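The values are calculated or read from the model by the stated rules, or taken from the named source; none is laboratory data. Keep in mind that what you see is a predicted model, and the values were worked out from it rather than measured. Here the Cβ is made from the backbone with ideal geometry for all residues, glycine too, and neighbour counts use every protein chain on show.
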Amino acid sequence: MPMEFSEAAKKQFDAIVAKYPERQAALLMVLHLAQDEFGCLDLEVQSLVAERLGVPKVLVREVTTFYEMFHEHKEGQFHLEVCTNIACHIAGADRLVSCVKKKLGVEVGFKTEDGVFSLMEAECLASCGSAPVMKVGLDYYEYLTEAALLSLIETFKALAPELGGRAYKTAGSEPHVGPVSGFEPPAPAAPSATSVPSAPPAATENA
Ligand code: FES
């Protein structure tokens, strides 16, 4: 049976396209929709998008493979995107990648045998001031340490059965942005009274 969007997704597709003066301009948004609908943008999904939007397949492929947020193969339910760009690299992102590899027995670009986790190295996630950072679904985990990462993996393992095979987006009503709960970095120490320079002596008036 040929692949097809659900009726609900077809309505969303048409609503997206109606917002743009030219159908081609809706491509990014309909690719997001297609990825949510089918779990990835493999060649069959790309053909379906091209046909429904009325654009060349090669254009859909170019856009799909250009943007990191689109993927041609199904990811794990928890897709761990560890930023390894410069700020995160300096803050220890490589250790985090190694930690995931060792804990889950998975290589970068692959998923675990049970399909629960996949691992990817990401480019800058625009949160360099709170490096190192990992994105999972819509969530951003900042100031990440190996201990926080291992704790998070256990949380995700416990959550996986509740997802019924669906990809994880976020646990709450809003995406999480910040450190893993319980692993917040210590607040910077307030300057002590002795470190405050004393005021210079008042100038005395010469007679
Ligand atoms: S370098 Fe990692 S968030 Fe920017």
**Fill in**
Within region 95-121, residues out of contact with any helix residue (DSSP H, G or I) (no Cβ under 9 Å at 6 or more places or on another chain) and of a type in the set (A, V, I, L, M, F, W, C) come out as Val97, Phe110, Met120
**Out of Leu48, Leu28, Leu41, sole residue that is at pLDDT below 95 and out of contact with any Gly (no Cβ under 8 Å at 6 or more places or on another chain)** = Leu41
**Asked** Of the residues that make up region 51-58, is at least one among the charged types (D, E, K, R) and in contact (Cβ under 8 Å) with a residue 24 or more places away in the chain?
**Response** yes
**Message:** Among the residues that make up region 82-90, is at least one of them within 16 Å of the ligand (Cβ to nearest atom) and assigned to a strand (DSSP E or B)?
**Reply:** yes
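Take Glu72 and tell me if it is outside the structural domain of Ala167 (by TED's automatic domain parsing) and closer than 26 Å to Phe110 by Cβ.
yes
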**Complete:** Of His73, His79, the only residue that is under 30 Å from Ala26 (Cβ atoms), assigned to a strand (DSSP E or B), more than 10 Å from the ligand (Cβ to nearest atom) and out of contact with any Asp or Glu (no Cβ under 6 Å at 6 or more places or on another chain) is His79
**Prompt:** Within region 46-70, how many residues are outside any helix (DSSP H, G or I) and surrounded by 17 or more Cβ atoms within 10 Å (Cβ to Cβ)?
**Reply:** 2
**Prompt:** Got at least one residue in region 97-105 being small (Gly, Ala, Ser), at pLDDT 95 or above and not assigned by TED's automatic domain parsing to the domain that holds Thr155?
**Reply:** no
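From the list Ser118, Ser98, which residue is within 30 Å of Thr155 (Cα to Cα), outside any helix (DSSP H, G or I) and among the small types (Gly, Ala, Ser)?
Values: Ser98 fails: outside any helix (DSSP H, G or I).
None of the others qualify; the one that does is Ser118.
Residues checked against (1) over 22 Å from Glu68 (Cβ atoms); (2) crowded, with 20+ Cβ neighbours inside 10 Å:
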site: Glu107; (1), (2): no, no
site: Thr112; (1), (2): no, no
site: Leu119; (1), (2): no, yes
site: Gly129; (1), (2): no, no
site: Glu142; (1), (2): no, yes
site: Leu159; (1), (2): yes, no
site: Ser181; (1), (2): yes, no
site: Pro188; (1), (2): yes, no
site: Ser192; (1), (2): yes, no
**Request:** Taking the options Ala9, Ala34, name whichever one is touching a residue at least 12 places away in the same chain (Cβ under 8 Å), closer than 19 Å to Gly137 by Cβ, out of contact with any Phe, Trp or Tyr (no Cβ under 6 Å at 6 or more places or on another chain) and assigned to a helix (DSSP H, G or I).
**Result:** Ala34
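Hey, can you tell me all the residues within region 122-157 that are more than 11 Å from the ligand (Cβ to nearest atom) and assigned to a loop (DSSP other than H, G, I, E, B)? Explain how you work it out, then say what you get.
Looking only at region 122-157, we keep the residues that are more than 11 Å from the ligand (Cβ to nearest atom), and these are 136-139, 141, 143, 145-157.
Once the filter is applied, which keeps residues that are more than 11 Å from the ligand (Cβ to nearest atom) and assigned to a loop (DSSP other than H, G, I, E, B), region 122-157 yields Gly137, Leu138, Tyr143, Thr145.
Determine, yes or no, whether Lys169 is away from the ligand (no atom under 14 Å from the Cβ) and assigned to a helix (DSSP H, G or I). Even if it seems obvious, please write down each step before you answer.
Values: away from the ligand (no atom under 14 Å from the Cβ): yes; assigned to a helix (DSSP H, G or I): no.
No: the conditions fail for Lys169.
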**Request:** Give the residue, chosen from Gly109, Gly39, that is away from the ligand (no atom under 16 Å from the Cβ) and in contact (Cβ under 8 Å) with a residue 60 or more places away in the chain.
**Result:** Gly39
